[in-house]
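Colleague: Please see the structure below; I have some questions.
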Amino acid sequence: MKAHHLPKKLLLFLVCTLSVFLLSGCLHGEEQRQAATSGERQVNAAPEADGDNDSVTQVNGEEAASEKAYPTESQLAEAQANEAGQVMILMYHVIGADKESDWAQTTDNFRRDLQMFYEQGYSLISLKDFVNNNISTPAGRTPLVLTFDDGTVGHFRCIYGEDGSRQIDPECAVGILLDFGQKHPEFGHTATFYVNNDPPFSQKGWEDKLGQLVELGFDIGNHSVSHAKLNKLSAEEVQKELAGIPRLVEETVPGYKVTSLALPYGLSPQDYSLAVRGTYDGYTYEHDAVLRVGANPALSPVVKNFDPMRLPRVMASTVELQKWLEYFQKNPSQRYISDGDPRTVAIPAGKEELLDQSKLQDRVLLVWGKEKQE
Ligand SMILES: [Zn+2]
C-alpha cells in the first residue's frame, strides 16, 4: 500500500494522542506512517476498499498476523462491539440455601445462573478491571461482575480431613466458580467477596482462605467490620468500621489492597466522603469503587455520569436476573459488548455523544459503522 493512499470514507476512527501512536509501536505500515506524518489526533486506521478489494484483504491479513494490531472495522462489526453499553454487577448473598429467595440461592440454581450467563454471551471480569476500564473480555462477549456479600460459609467452605488435609468444597461458590471457569475458560471465574469480620467466611482457617482467594484470582472487598448501619454512626465509628477490613486483609495477605466497599444494607454514612476514604487508628483506607444495593445495571466506565463511587448492582435473584437478561436480549444496543482489546474503546457510530472523553485516558477510541450511518 502506498503511504499517500487515503480512504475516501472513514470506516474507522482512531482517536488518541500522537505520542501514544509513536510510543506504542503497535501500528504498522500505513497507519504508522500516517501517524508519524500527520501530527493529528484523529487518524484513519482501516482504509476502505474503494473498489480495491486487495487493499482490504492485505490490511486484514496483516493485522491478523500481528498480535498487537487494533481490531479492524470488520472485526468490530462482526463482534457488534459497543463499549459504551451497560454492565451488570450482580449481587449475591447466601449460596447453598435449601430454598431459593431474593437473598439466597441453592447451589443448583447458582450453577444454572453461570450456565445461563455463559450461553448468553457473558464473561466474568473483576470489579477492579471494570472500574479501571481494563476490560479484556473476548470480542463479542459482555463483561459481567460477580459480587458476594457478607462472607458467609457457603461462599468459601473448606473440607478438612482427619490427616490435616484441606480442600475447597466443590459445593461452595468458590468451588463452583473454579469448576465452571475451568470448563469454560472464556467465561472465567473471578468475583469479589465482600466480607465482615465475624470472621470472614465464618469458618476456621480464614487467614489461609483470604490468601488463597487472592492467589486464585478472586478479590476481597470491604463490607465493614460488623455489617454496620453506617448512616447511624458517628464519623469516628464509620472510619473504625471501614478501616477494619482493609487493615485485616492487608495484615493477612501482605501486598494485597482492598479497594472497594459494598455498603451494608446499601446505607451510606452521613458524610459520604467517608465511604471513599478515611483514617482510623493510624490506618488509612481508600476505595476506588463503592457499591450500593440494587437495582439496575451499571454504566460503562467511559460514559458520562459513570460514577465509581455510586455503583448500582443487580440483585441476583431468579426474578431480577431473568428481568435484566431479557432486557438486554430485547435491547441489544444497551448492552456492553467487548471488542476484545483492553487498549481500545470501540463503539458503533452514533454513540459518540455518550462518551466522556476524559475517561478514555490512554485508550484508543474506535468508531465503527460510520459508512452505514451516512
Ligand atoms: Zn451485607
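Colleague: Are there any pairs, at least 6 apart or on different chains, whose C-beta atoms fall under 8 Å, with the first in region 170-196 and within 11 Å of S123 (Cα to Cα) and of a type in the set (S, T, N, Q) and the second within 16 Å of the ligand (Cβ to nearest atom) and not in a loop (DSSP other than H, G, I, E, B), and if so, which?
Modeller: T190/L146
Colleague: Which residue, of L124, L210, is among the aliphatic types (A, V, I, L, M), farther than 23 Å from P312 by Cα, more than 16 Å from the ligand (Cβ to nearest atom) and out of contact with any Cys (no Cβ under 7 Å at 6 or more places or on another chain)?
Modeller: Working: L124 fails: farther than 23 Å from P312 by Cα.
Result: L210 is the single residue among L124, L210 that is among the aliphatic types (A, V, I, L, M), farther than 23 Å from P312 by Cα, more than 16 Å from the ligand (Cβ to nearest atom) and out of contact with any Cys (no Cβ under 7 Å at 6 or more places or on another chain).
Colleague: Here's a follow-up. Out of the residues in region 146-159 that are over 20 Å from S260 (Cβ atoms) and in contact (Cβ under 8 Å) with a residue 40 or more places away in the chain, state the one that is surrounded by the fewest Cβ atoms within 10 Å (Cβ to Cβ). Break it down stepwise before answering.
Modeller: So in region 146-159, the residues over 20 Å from S260 (Cβ atoms) come out as 153-154, 157-159.
Now drop any that are not in contact (Cβ under 8 Å) with a residue 40 or more places away in the chain, which leaves 153-154, 157-158.
Numbers: V153: 16, G154: 25, R157: 21, C158: 21.
For region 146-159, the residue satisfying everything is V153.
Colleague: Out of everything in region 164-197 that is modelled with pLDDT of 95 or more and charged (D, E, K, R), what residue ends up being surrounded by the most Cβ atoms within 10 Å (Cβ to Cβ)?
Modeller: Ranking the qualifying residues of region 164-197, first place goes to D169.
Colleague: If F201 satisfies all but one of (1) part of a loop (DSSP other than H, G, I, E, B); (2) within 16 Å of the ligand (Cβ to nearest atom); (3) touching a residue at least 40 places away in the same chain (Cβ under 8 Å), what's the number of the condition it fails?
Modeller: Condition not satisfied by F201: (1).
Listed here are the residues, each with its yes/no results for (1) surrounded by 18 or more Cβ atoms within 10 Å (Cβ to Cβ); (2) more than 25 Å from the chain's Cα centre (by Cα); (3) over 22 Å from T190 (Cβ atoms); (4) not assigned by TED's automatic domain parsing to the domain that holds V195.
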| position | (1), (2), (3), (4) |
| --- | --- |
| G211 | no, no, no, no |
| K240 | yes, yes, yes, no |
| G244 | yes, yes, yes, no |
| V258 | yes, no, no, no |
| L263 | yes, no, no, no |
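Colleague: Just to check your reading of the model, which residue among G255, G244, G266, G217 is modelled with pLDDT of 95 or more and under 19 Å from G154 (Cα atoms)?
Modeller: On the way: G255 fails: under 19 Å from G154 (Cα atoms); G244 fails: under 19 Å from G154 (Cα atoms); G266 fails: under 19 Å from G154 (Cα atoms).
Among G255, G244, G266, G217, only G217 is modelled with pLDDT of 95 or more and under 19 Å from G154 (Cα atoms).
Colleague: Something else now. Of the conditions (1) on the phi > 0 side of the Ramachandran plot; (2) more than 16 Å from the ligand (Cβ to nearest atom); (3) more than 12 Å from the chain's Cα centre (by Cα), E186 clears all except one; give me its number.
Modeller: (1)
Colleague: Which residue out of D281, D356, D271, D288 is surrounded by fewer than 22 Cβ atoms within 10 Å (Cβ to Cβ), in the same structural domain as L114 (by TED's automatic domain parsing), of a type in the set (D, E) and within 20 Å of D129 (Cα to Cα)?
Modeller: Numbers: D281 fails: within 20 Å of D129 (Cα to Cα); D356 fails: in the same structural domain as L114 (by TED's automatic domain parsing); D271 fails: within 20 Å of D129 (Cα to Cα).
None of the others qualify; the one that does is D288.
Colleague: Restricting the first residue to region 130-145 and requiring it to be in the same structural domain as M116 (by TED's automatic domain parsing), which pairs with a second residue that is among the basic types (K, R) meet a Cβ separation below 9 Å and a spacing of at least six or different chains?
Modeller: From residues that are in the same structural domain as M116 (by TED's automatic domain parsing), the pairs are N133/K359; N133/R363; N134/K128; T142/R335; V145/R313.
The values are calculated or read from the model by the stated rules, or taken from the named source; none is laboratory data. Remember, predicted model here, so these are calculated numbers, not experimental data. Ideal geometry is used to build each Cβ from the backbone, glycine not excepted, and the neighbour counts take in all protein chains shown.
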